[in-house]
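Heads up, the thing below is written out as structure tokens.
Where a number appears in this text, it was derived from the coordinates with a stated rule and is not lab data. Since the model is a prediction, treat every value here as computed from it, not as a measurement. Neighbour counts are summed over all protein chains in view; Cβ atoms, including those assigned to glycine, are modelled from backbone coordinates with ideal geometry.
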Amino acid sequence: MMGRLFSWTVTALFGVLTLLLAFESWALLTNHTPITYYIRPAIHTYPGIAFVIAVVVGILLGHFLWGPAYGRTSPVKKP
């Protein structure tokens, strides 16, 4: 059950990210205000918080994309 919940959560997250990127592309192509217009001032106002968020996102991506080389989906058995 938890595996299914995690899978749906990750799928929803990537779906939201895809929609945000599509909106950003549309805004840039049609001369509307893109999302980055709002994000950049916030990063300049709170650089410490932006740094912490970037580190946490990097750690999470590294954990899930470059995890251990063994497990249920790995071609190599656990040592």
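Using the Karplus relation 6.51 cos²θ - 1.76 cosθ + 1.60 with θ = phi - 60°, the per-residue 3J(HN,Hα) values for the range 59-64 come to 5, 5, 4, x, 5, 7 Hz, with x marking Gly and Pro.
Sorted ascending by nearby beta carbons within 10 Å, beginning with the fewest, PHE14, PHE23 become PHE14, PHE23.
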